[in-house]
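A.B. asks: Below is one structure. I have some questions about it.
The values are calculated or read from the model by the stated rules, or taken from the named source; none is laboratory data. What you see is a predicted model; the values in this text were computed from it and never measured. Because the Cβ atoms are built from the backbone with ideal geometry, glycine has one as well, and the counts that use them run over all protein chains shown.
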Amino acid sequence: MQYSLIIGQDSIKKHLKQIAKSKQISHGYIFEGPKGTGKFDMAKIFGQSILCRNQGPEPCEICSSCIKANSGNHPDMQYLDLDEDSIKRQDIDGILNKIYTKPYESNRKIFIINESHKMTVQAANAFLKTLEEPPADTIIILITTNINLLLPTIASRCQHFRFEEISFNEIVRILVRDYNSTESEARLLAGYSKGILQRAINIKHKTFDLLALRDQVLEIVDGLMDGGRFTAFRFEKYFDQNKAHTEEIIEIMMIWFRDVLFYKTDLKENIINIDKLELVAKHSKKANSIKCSEIFGHLQMTYEDINNNSNFKYAIDHLLFEIQEVRHG
């Protein structure tokens, strides 16, 4: 694998190449950032470059070490990547047993632990003891969405790299260039991508059909903008049935009312839901500008209330009534 396969993160790539070239390699690294920003692949490429027999800043791809690493069969490159809610003590014990053995083929061993923040307290404490005095030939890369979820004593013993989202314009450019998107489609996908290219690609290929969810949510918003006083109660059941997608539903609403506000203020070039321009215009005519601005705070508050285990039905009902108020005033 090559660093060029990962979109963005150029400063991190440059730094990792310098580390591999200088041979000044630490025993512990933390790759932190949102899902979909390339942390796991970057860790694999960095590990492969360290084990590469040609010892360059990037993997050579042709030596026996690179061939084995690319196939996932390098004995000195180990992964802990569990599809479970937690990383337990016995999982870490399995890694620790391998850490204290000699490398099979190289002069170093690489251990990559994905979603390391899922370590239980017992697992984290067992792991910490190894980090305090790691074997000289061992390099550990911890991958996490949030470094604050790791024990501070673990975080303090590792070099930290923060992975950032890709800019809106960069995602648009890549979708047009590499994924056969039109400019308008690319802007729509980028608007819902949260700065993560893979999320935009997944939406395009309907790996996760966010646009179908958007259509359902906009039907509700349209009903609220057109309906009477008690219209909100008609939609309670939908939210209850789609609790798993509450975050996405609220995000869709935030982007929608942002577009409505842009239309009202004659900033149509910034509209994300360009394929729904007729509906944006309809809601813009009905919406009160001040109420439209205030709805963002209500949407954010609803999301926080639900995350804090507040009464779900009450939080949703309150939000639906606030959306109805957007057309008044």
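A.B. asks: Report every pair of residues separated by at least 6 positions or lying on different chains whose Cβ atoms are under 6 Å apart, first residue within the range 207-228 and under 15 Å from Leu279 (Cβ atoms), second in a loop (DSSP other than H, G, I, E, B).
C.D. replies: Correct list of pairs: Met225/Arg327.
A.B. asks: I'd like the full set of residues that are outside any loop (DSSP other than H, G, I, E, B) and farther than 17 Å from Phe40 by Cβ, limited to the range 92-118.
C.D. replies: Ile92, Asp93, Gly94, Leu96, Asn97, Lys98, Ile99, Lys109
A.B. asks: Continuing with the same structure: Filtering the range 224-241 down to residues that are acidic (Asp, Glu) and under 15 Å from Phe312 (Cβ atoms), which residue is surrounded by the most Cβ atoms within 10 Å (Cβ to Cβ)?
C.D. replies: Glu236
Residue-by-condition table, conditions (1) within 26 Å of Glu304 (Cα to Cα); (2) at pLDDT below 85:
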| residue | (1), (2) |
| --- | --- |
| Val172 | no, no |
| Glu185 | no, no |
| Ser193 | yes, no |
| Leu213 | yes, no |
| Ile220 | yes, no |
| Asp226 | no, yes |
| Phe233 | yes, yes |
| Ile255 | yes, no |
| Tyr263 | no, no |
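A.B. asks: Could you check the range 265-274 and list, in sequence order, the residues that are touching a helix residue (DSSP H, G or I) at 6+ places or on another chain (Cβ under 6 Å) and either aromatic (Phe, Trp, Tyr) or surrounded by fewer than 19 Cβ atoms within 10 Å (Cβ to Cβ) (or both)?
C.D. replies: Within the range 265-274, Asn270, Ile274 meet the criteria.
A.B. asks: Given the condition touching a residue at least 60 places away in the same chain (Cβ under 8 Å) and in the same structural domain as Val217 (by TED's automatic domain parsing), answer yes or no: does some residue in the range 290-304 qualify?
C.D. replies: No.
A.B. asks: Moving to a separate point now. Looking only at the range 57-100, how many residues end up being within 20 Å of Ile6 (Cβ to Cβ) and exposed (fewer than 12 other Cβ atoms within 10 Å of the Cβ)?
C.D. replies: 3
A.B. asks: Restricted to the range 9-40, and to residues that are part of a loop (DSSP other than H, G, I, E, B) and either among the basic types (Lys, Arg) or touching a strand residue (DSSP E or B) at 6+ places or on another chain (Cβ under 8 Å) (or both), which residue is nearest to Asn146 (Cα to Cα)?
C.D. replies: Going through the qualifying residues, I end up with Gly33.
A.B. asks: Within the range 103-112, identify whether any single residue is buried (at least 20 other Cβ atoms within 10 Å of the Cβ) and not assigned by TED's automatic domain parsing to the domain that holds Ile45, and answer yes or no.
C.D. replies: Among the residues of the range 103-112, not one is buried (at least 20 other Cβ atoms within 10 Å of the Cβ) and not assigned by TED's automatic domain parsing to the domain that holds Ile45, which makes the answer no.
For (1) small (Gly, Ala, Ser); (2) out of contact with any Gly (no Cβ under 9 Å at 6 or more places or on another chain), each residue gets a yes or a no:
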position: Ser116; (1), (2): yes, yes
position: Ala126; (1), (2): yes, yes
position: Pro134; (1), (2): no, no
position: Ile147; (1), (2): no, yes
position: Ala155; (1), (2): yes, yes
position: Cys158; (1), (2): no, no
position: Phe163; (1), (2): no, no
